1. Can you grab the distance from the C-alpha centre of the stretch 85-115 to the C-alpha centre of the stretch 10-61, Å, no decimals?
2. Which residue fluctuates most in the GNM of the chain (Cα springs below 10 Å): 106, 298, 202?
3. Which ordering of 16, 120, 210 is given by a fewest-first count of other beta-carbon atoms within 10 Å?
4. Below 8 Å, C-alpha to C-alpha, sequence gap of six or more: please give me the relative contact order for the stretch 265-335 in percent.
5. For the chain, what is the mean residue ellipticity at 222 nm derived from helices alone (per DSSP H run of n ≥ 4: -39500 (n - 2.57); sum divided by total residues; nearest 500 deg cm²/dmol)?
6. Please arrange 47, 135 by how many other C-beta atoms lie within 10 Å of their C-beta, fewest to most.
7. If contacts are Cα pairs under 8 angstrom and at least 6 residues apart, what is the relative contact order of the stretch 3-334 in percent?
8. Put a dot 7 Å past each Cα toward the Cβ at residue 246 and residue 167; how far apart are the dots in nm?
């Protein structure tokens, strides 16, 4: 077993999850503005420090995905955030794609970029003791989307990223997200996600990506947020597991679900049902979570930039993480 495969297994090992705290500066500023705060580096750093200093965080978190700015920042006591996480036994990771651009001649589709200079950036992250990376592609479901070109081009870039990351000594998280936006049905989400995952793993094979040294971060199979249909957690679980069984090789050590804009408790309930049903499907991978908003959103609103509410916000974070940890180990009494 190689160092990367051991690290991948550690990141998805029960009962912990991978926390996504990797919003770009622009996205984080918008979230701060939504609670009435100016989006500044000072505010962003204060929020990240609140998260990273949450008591008992390492009981429920194996790794944290950061944004580039955060990798370079220090706590109020002068310790680097990376060093802080490492001292807690939490593996530091970083988002390495550089955002999206409009796909030319498409129906409003996007292509993720960031391959230019990636090896050089990864070597710099190595000096910061970063251990794993993440690249996210986004695919919208609409009347004419996602197109085959959009799926294949994004899958190609995901696979090239994963190959480069492994070559430079990092575990890559591969995130092909089919968005919840729209009014599509659960069945349509299944059809699109099935196609996306099939093409992603075909491209990963072409790039000779070592499947035992990567982590897949997919969406759950859900109806669109504008759909009139409210899916049961059992429907979500069965459809999600069927899609994964159809497409994900057994060599992949773990699948870390994104929350994708689900409500906090909804994401946890769906994770629990997926974990419970996975026994019937005899799934070969660890099934874990890599949530961002579904763990942090309520805490952000509680904090609201007020130092008096730091502990209240941290209590929300740890309770959400505990619930998701219990959900993934199939403990219904504590979710």
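1. 16 Å
2. Result for the chain, Cα springs under 10 Å: 106 fluctuates most.
3. On the way: 16 23, 120 10, 210 17.
Starting with the residue having the fewest Cβ neighbours, the order is 120, 210, 16.
4. On the way: 60 pairs, mean separation 32.1, N = 71.
For the stretch 265-335, the relative contact order is 45 percent.
5. Values: 12 runs with 156 residues, N = 335.
Computed mean residue ellipticity for the chain: -15000 deg cm²/dmol.
6. Working: 47 23, 135 27.
Least crowded to most crowded, the residues run 47, 135.
7. Working: 640 pairs, mean separation 63.7, N = 332.
Value for the stretch 3-334: 19 percent.
8. Distance between label points: 3.3 nm.
All of the numbers you see were taken from the coordinates with simple rules; none came from a lab. Predicted model, so just to flag it, every value in this text is computed and none were measured. Positions of Cβ are backbone-derived with ideal geometry, glycine not excepted, and every protein chain shown enters the neighbour counts.
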